[in-house]
Amino acid sequence: MTSKPPGNTAPLAHRLRVLATGVSGRMGRQVVAAVRAAPDLELCGAVSRSFGGPTERGRDASVGSASALEAELRSAGVRTFSDLAEALGDLDPDVLVDFTSAEVAPGYLHSALSAGVPVVSGTTGLDETVLAGLRETAERMGLGAAIIPNFSLGAMVMAILARTAAPYFKAAEIVELHHDRKKDAPSGTALALARTVAASLGKQTPNEPESAAPLVAAGDERPPVREVKTAPTHAEARGLDVHGVPVHSVRLSGLVAHHELIFASDGETLTVRHDSVSRSSFMPGVLLAVRTVPRLTGLVTSLEELVNLARA
């Protein structure tokens with residue numbers, strides 16, 4: 001990041017100014033690269049709690065707590081901050097992009113919205129109470145907020161397929177696999193997928209036939225039924241029950257993000273699987289959100305909904 005990408009040649013006055021938080025993380029670094037490579041976007045600032053402070057303080061980026069990433073950003077003319085409030089006060093961003101944590105993100109997003117800045121966030125683990133509060137703040141401020149658990153277009157298509165298939169099957173289970181540094185489990189994508197499936201599961205399956213009368217003549221005796229002892233089932237082994245859809249989580253090094261949805265009915269199964277093998281798979285969706293959210297009002301929590309709004 002010693003120089004701006006050669007394709008980034010749009011006039012500065014016409015670019016959307018993006019302030020990114022959580023830039024020291026894996027997703028944050030991807031956001032930095034994607035925004036800087038986009039000809040219609042300008043990375044005006046970057047926030048990480050590991051940074052030493054804004055450029056104007058004159059600190060040598062190679063001294064003290066300034067990281068190598070901070071030095072690279074500063075050399076490219078991007079202002080760096082350890083405090084979001086200071087960044088919002090000093091800059092005039094058009095959009096905030098947040099990839100932090102469930103503990104940090106709510107405060108960041110409320111602060112940005114209250115400062116008049118639309119927000120895009122891929123931070124997962126935010127509960128319904130937090131989302132309701134952010135929805136209220138966005139609507140009160142007349143701003144857009146796109147808080148989406150998975151920005152992959154492939155994962156969006158998986159959700160569409162799941163909604164299409166669910167009515168024709170009696171049961172479903174989800175297995176989600178992520179890297180071992182992911183803090184929340186199940187993933188936000190798996191929870192959203194489970195809710196989607198549960199809403200329509202089995203609605204188009206045929207009614208169960210009534211049990212036939214036993215073919216035993218009056219007075220006949222059946223042989224005694226042998227009792228079969230089975231091992232106990234541990235509830236934890238069956239995953240988290242999300243509206244009747246069990247969700248199983250795996251956390252291992254070497255993984256990125258993987259979701260497998262298994263439908264079942266009598267004598268058949270259908271498996272739908274999506275794999276993100278690189279975090280770059282999330283960037284087209286993130287950039288779409290950055291370009292779309294400034295003209296929205298209220299909260300969007302689905303990439304499919306965002307895509308439809310972008311087309312409108």
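Yes or no: Val245 in contact (Cβ under 8 Å) with a residue 24 or more places away in the chain, farther than 27 Å from Pro106 by Cα and among the β-branched types (Val, Ile, Thr)?
Criteria met by Val245.
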Pairs where the first residue, in the stretch 262-286, is of a type in the set (Asp, Glu) and the second is at pLDDT 95 or above and assigned to a strand (DSSP E or B), C-beta under 6 Å, 6+ apart | Asp275/His258
Every listed condition ((1) at pLDDT 95 or above; (2) not hydrophobic (A, V, I, L, M, F, W, C); (3) not assigned by TED's automatic domain parsing to the domain that holds Arg26) holds for Thr189 save (1)
Check off (1) under 30 Å from Gly107 (Cα atoms); (2) surrounded by 22 or more Cβ atoms within 10 Å (Cβ to Cβ); (3) not assigned by TED's automatic domain parsing to the domain that holds Val307 for Thr124 and give me the number that stays unchecked.
-> (3)
Out of (1) over 25 Å from Asn308 (Cα atoms); (2) out of contact with any strand residue (DSSP E or B) (no Cβ under 8 Å at 6 or more places or on another chain), the one Pro149 does not meet is (1)
If a residue has to be surrounded by 16 or more Cβ atoms within 10 Å (Cβ to Cβ) and either modelled with pLDDT under 95 or more than 12 Å from Pro294 (Cα to Cα) (or both) to count, how many in the stretch 134-152 make the cut?
-> 10
Filter the stretch 227-268 for residues that are acidic (Asp, Glu) and part of a loop (DSSP other than H, G, I, E, B); which is modelled with the lowest pLDDT?
-> Glu227
Subset of the stretch 110-133 (residues that are of a type in the set (A, V, I, L, M, F, W, C) and modelled with pLDDT of 95 or more) = Ala112, Leu113, Ala115, Val117, Val119, Val120, Val130, Leu131, Ala132
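Does Leu287 satisfy being touching a helix residue (DSSP H, G or I) at 6+ places or on another chain (Cβ under 8 Å) and within 21 Å of Ala145 (Cα to Cα)? Steps first, please.
Working: touching a helix residue (DSSP H, G or I) at 6+ places or on another chain (Cβ under 8 Å): yes; within 21 Å of Ala145 (Cα to Cα): yes.
So Leu287 passes the test.
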Failed item, numbered, when Val293 is tested on (1) of a type outside the set (Ser, Thr, Tyr); (2) modelled with pLDDT of 95 or more; (3) touching a Leu at 6+ places or on another chain (Cβ under 7 Å) = (3)
Hey, Glu173 hits all of (1) surrounded by fewer than 17 Cβ atoms within 10 Å (Cβ to Cβ); (2) in contact with a strand residue (DSSP E or B) (Cβ under 9 Å, 6 or more places away or on another chain); (3) farther than 27 Å from Thr292 by Cβ but one; which does it fall short on?
-> (1)
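The values are calculated or read from the model by the stated rules, or taken from the named source; none is laboratory data. Here the structure is a predicted model, which is why all the values come from computation and not from measurement. Positions of Cβ are generated from backbone atoms using ideal geometry, with glycine treated the same way; all protein chains shown enter the neighbour counts.
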